[in-house]
Amino acid sequence: MDNKEVNNEGAVHNYMNNKKFTSGFVSIIGRPNVGKSTLLNAIIGEKIVITSDKPQTTRNRIQGIHNIPGGQIVFIDTPGIHAGRSRLNKSMVDVARSAISGVDLLMLVVEATTAADPAFIQDVLGKVKIPVVLVINKIDLLSDKNQMLKKITDWAALHPFKEIVPVSAGRNDGVDHLVSVVSGYLPEGPAMFPDDILTDMPEKFIVAEMIREKVFRLTRDEVPYSTAVVVESFIERENGVIAIAAAIMIERDTQKGIIIGSKGEMLKKIGTQARQDIERLLDTKIYLELFVKVVENWSERPSKLRELGYE
């Protein structure tokens, strides 16, 4: 991972010289597939969270660390809040709701094309006392400014948001302004993380997520939600190449053929695309070995969910 882009020695230096330094935790919450992870990646300037056009891609609470002049913001990406049925989905919703408390600010992300939803706002923000910034994402899908003004008016009537900020995370439009708005609500305090890291998640976790993203993007609808990825070995060789072996875990034998594909073509495609992302992340050559493992009904097994970090 190239750390040059996030180095901000001056910000910490200013704090050490007793000048005002602000810092805080900001949770990014919302329904599935509204672009929370895309927004976090745009803010950080690196891909640390996987994305896809399928809902419920994010399963864990993931922290992205963003340094600004005179401050540090720790953004927390969360799973989408939805009516979870399986044990895995319920666990994801618990993770999302737990991120609503114990932070300095909430960023509620909604889609520009979605109607204002009083029931959802009451459910999520009804008891919230901390400041909330509403982020209206995907504004590029709206045809004119009048539509945007109506959206802002409709959502503003539902909660006393501190700010309402329209953005297009996918196009990196309005993201810098959003960061500026958020920074204005943070308390004075020291940096909570070194200024040369992007996330507190271990590399093995991000590698597993990048592989899982390719399964989401490349396989049929019924497969991704039954998939988890476990990095079983991560070894740096003397020549600098990192050898990674990872298991793609599925729940049924019938899904195995879909993951592997005809003559292994699908598994090869998953591996090729994942390796390219991982090499950019780690800034070195990667040897990636993937295999498929069937673990029946893993998404309903508490011990397996704990092992995978979902509970």
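Read-outs throughout are calculated quantities, based only on the coordinates presented, and are distinct from any laboratory measurement. If you're wondering where the values come from, they're calculated on a predicted model, not measured in any experiment. Cβ sites come from the backbone with ideal geometry, for glycine too, and all protein chains shown count toward neighbours.
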Checklist outcome for this item: With 0.36 nm assigned to each residue of separation and the Cα-Cα distance removed, Ser101 to Asp123 gains 6.5 nm
Checklist entry - How large is the dipole of the chain about the Cα centre if only Lys and Arg carry +1 and Asp and Glu carry -1, each at its Cβ, rounded to the nearest 20 debye? => result 760
Checklist outcome for this item: Set Lys256/Lys293; Lys129/Lys162; Lys36/Lys204, cut-off 18 Å on Cα-Cα distance; pairs above it are Lys36/Lys204
Checklist entry - What does the convex hull of the Cα atoms of the chain come to per residue, in Å³, rounded to a whole number? => result 142
Item to check | Packing rank of 284-292, 206-214, where each peptide gets the mean count of other beta carbons within 10 Å, highest leading | outcome: 206-214, 284-292
Checklist entry - Once the piece of chain linking Arg306 and Ala245 is laid out straight, how much longer is it, given 0.36 nm per residue of separation minus the C-alpha distance between them? => result 19.9 nm
Item to check | ³J(HN,Hα), Karplus 6.51/-1.76/1.60, whole Hz, each residue of region 137-146, x for Gly, Pro | outcome: 9, 6, 5, 5, 7, 8, 8, 7, 5, 4
Checklist entry - HN-Hα J couplings of region 263-268 from phi, Karplus 6.51/-1.76/1.60, θ = phi - 60°, integer Hz, Gly and Pro as x? => result 6, x, 5, 5, 4, 5
Next on the checklist: For the chain, set up a GNM with springs between Cα atoms under 10 Å and report which of Leu267, Leu125, Leu134 has the largest fluctuation.
Outcome noted: Leu125
Next on the checklist: Can you give me the C-alpha center-to-center distance between region 172-186 and region 248-311, rounded to a whole angstrom?
Outcome noted: 36
